[in-house]
Amino acid sequence: MKVVNVYVNEKKLQKPEETIMGFIDPQLPNWRMLDIGIGLGRTTHHFAHRVKEYIGIDYSFAMIKTYRQLFPDSSLNGNIRLGDARMMQDFEADCFDFILFSFNGIDYISHEDRLHALEEIKRVGKKGGLFVFSTHNLQYIDNLYTIKFGSGLKHFLYQCYRYLRLIYHNGLPQRYRDKDFAIINDGAYHFKVTTYYIKPAAQIEQLKRLGFKNIRLFSLKTGVEIPKTDLNQLTKDSWIYYLCEIPAKN
């Protein structure tokens, strides 16, 4: 229930989502949309009334239950359901024009399950449709270990505690320099979960191997599209949004 409470006040789109919506807004009225990992409807309220048909799924029964308690009279309740991105057998192939998996939901499953989820997304998406998701940036990892001064003694002591916990769980950041991705205990939910981090260049290759096309990147901090030059220099965004085209089925 504590995890649910974190999402109660989440209502705004993130800057990259706003940018991407600006690109696709004219086409949304003709599209069927699948929103994966909806939580308590943060993205639902922005997209559901814009698309031809909206379906939102979440892996957490607590999230779905709380959503329906918060919005008991919503006309969308029939289209909000339990669902697992790794196994979407309820949906036929070529169902959706637009698929969104935001707020790094894809980062809380294993590497193998991540690939299964991407395959499933490719299956249920239409050829030429769009897939948008966010994922943690492994090149940001040095920033996790930064201790900031001038925030008061209590906050400083907490940062020191967090720094030691990060070393205990993960070692020093140098160990990840040569890795394309890593599973890191970054302190989320008081160090109770681990998070998948991946370098932008490696994420692009991962998508390409699965057949996704026309891959574009967007900065979490600014919402601006990131050029693919100097991908190794992307160290300021804790996570990055990716927009890509769904390929034809094999």
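The values are calculated or read from the model by the stated rules, or taken from the named source; none is laboratory data. Predicted model only: the values in this text are computed from it and were never measured. Cβ: placed from backbone, ideal geometry, glycine included. Neighbour counts: every protein chain shown.
In the range 183-202, what residues are aromatic (Phe, Trp, Tyr) and out of contact with any His (no Cβ under 7 Å at 6 or more places or on another chain)? I'd like the intermediate steps shown before the answer.
First, the residues of the range 183-202 that are aromatic (Phe, Trp, Tyr): 189, 191, 196-197.
Selection gives TYR189 alone.
Can you list residue pairs whose Cβ atoms sit under 8 Å apart, with the first residue in the range 120-147 being free of Cβ contacts under 8 Å to residues at least 40 places away in the same chain and the second being among the polar types (S, T, N, Q)? Count only pairs 6 or more apart in sequence or on different chains.
The qualifying pairs are ILE147/GLN159.
Between a first residue in the range 38-56 that is outside any helix (DSSP H, G or I) and a second residue that is of a type in the set (Asp, Glu) and at pLDDT 95 or above, which pairs have beta carbons less than 6 Å apart while being 6 or more apart in sequence or on different chains?
ILE38/ASP58; THR43/ASP35; GLY56/ASP35
Only one residue in GLU119, GLU112 is exposed (fewer than 12 other Cβ atoms within 10 Å of the Cβ) and closer than 29 Å to ASN250 by Cβ. Which one?
GLU112
Looking at GLY223 and the list (1) at positive phi; (2) not assigned by TED's automatic domain parsing to the domain that holds ASP90, which single condition is not satisfied?
Only one criterion in (1) at positive phi; (2) not assigned by TED's automatic domain parsing to the domain that holds ASP90 is unmet by GLY223, namely (2).
Look through MET88, MET21, MET63 and report the one residue that is surrounded by 16 or more Cβ atoms within 10 Å (Cβ to Cβ), assigned by TED's automatic domain parsing to the domain that holds LYS126, over 24 Å from ARG123 (Cα atoms) and of a type in the set (A, V, I, L, M, F, W, C).
Numbers: MET88 fails: over 24 Å from ARG123 (Cα atoms); MET21 fails: over 24 Å from ARG123 (Cα atoms).
Matching residue, one of MET88, MET21, MET63: MET63.
Scanning for something surrounded by 13 or more Cβ atoms within 10 Å (Cβ to Cβ), within 22 Å of ASN104 (Cβ to Cβ) and among the polar types (S, T, N, Q), does the range 154-163 turn up at least one residue?
No - not one qualifying residue is present in the range 154-163.
Tally time: how many residues in the range 70-92 are among the basic types (Lys, Arg) and within 26 Å of LYS11 (Cβ to Cβ)? Even if it seems obvious, please write down each step before you answer.
To start, the set of residues in the range 70-92 that are among the basic types (Lys, Arg) comprises 81, 86.
Next, only the ones that are within 26 Å of LYS11 (Cβ to Cβ) stay: 81.
Residues that pass the stated criteria total 1.
Select from the range 91-100 the residues that are aromatic (Phe, Trp, Tyr) and surrounded by 22 or more Cβ atoms within 10 Å (Cβ to Cβ) and list them in ascending order. I'd like the intermediate steps shown before the answer.
Of all residues in the range 91-100, those aromatic (Phe, Trp, Tyr) come to 91, 96, 98.
Scanning the range 91-100 gives PHE96, PHE98.
Please go through (1) in contact with a strand residue (DSSP E or B) (Cβ under 9 Å, 6 or more places away or on another chain); (2) assigned to a helix (DSSP H, G or I); (3) under 26 Å from ARG114 (Cα atoms); (4) not aliphatic (A, V, I, L, M) for LYS65 and return the number of the only condition it doesn't satisfy.
If we test LYS65 against (1) in contact with a strand residue (DSSP E or B) (Cβ under 9 Å, 6 or more places away or on another chain); (2) assigned to a helix (DSSP H, G or I); (3) under 26 Å from ARG114 (Cα atoms); (4) not aliphatic (A, V, I, L, M), just (1) comes out false.
List the residue pairs whose Cβ atoms are under 9 Å apart, where the first residue sits in the range 60-83 and is free of Cβ contacts under 8 Å to residues at least 24 places away in the same chain, the second is in a helix (DSSP H, G or I) and crowded, with 16+ Cβ neighbours inside 10 Å, and the two are 6 or more positions apart or on different chains.
Cβ pairs passing all conditions: SER74/THR44; SER74/TYR67; ASN77/TYR67.
Go through the range 162-190 and count every residue that is among the aromatic types (Phe, Trp, Tyr) and either in the same structural domain as ASP237 (by TED's automatic domain parsing) or at pLDDT below 95 (or both).
If we filter the range 162-190 for residues that are among the aromatic types (Phe, Trp, Tyr), which is where we start, we get 163, 168, 176, 181, 189.
Keeping just the survivors that are either in the same structural domain as ASP237 (by TED's automatic domain parsing) or at pLDDT below 95 (or both) gives 189.
Here the count works out to 1.
Could you please find all residues in the range 156-202 being assigned to a strand (DSSP E or B) and of a type outside the set (S, T, N, Q)? Give the derivation first.
Of the residues in the range 156-202, the ones assigned to a strand (DSSP E or B) are 181-184, 195-198.
Residues satisfying the conditions are PHE181, ALA182, ILE183, ILE184, TYR196, TYR197, ILE198.
Take the residues in the range 221-237 that are of a type in the set (A, V, I, L, M) and assigned to a loop (DSSP other than H, G, I, E, B); name whichever of them is nearest to ALA202 (Cα to Cα). Show your work before the answer.
Looking only at the range 221-237, we keep the residues that are of a type in the set (A, V, I, L, M), and these are 224, 226, 231, 234.
In the following step, the residues that additionally are assigned to a loop (DSSP other than H, G, I, E, B) were identified as 224, 234.
Values: VAL224: 20, LEU234: 13 Å.
Ranking the candidates gives LEU234 first.
Would it be correct to say that PHE103 is in a loop (DSSP other than H, G, I, E, B) and under 14 Å from the mean Cα position of the chain (by Cα)? Give the derivation first.
Numbers: in a loop (DSSP other than H, G, I, E, B): yes; under 14 Å from the mean Cα position of the chain (by Cα): yes.
For PHE103, the condition - in a loop (DSSP other than H, G, I, E, B) and under 14 Å from the mean Cα position of the chain (by Cα) - is met.
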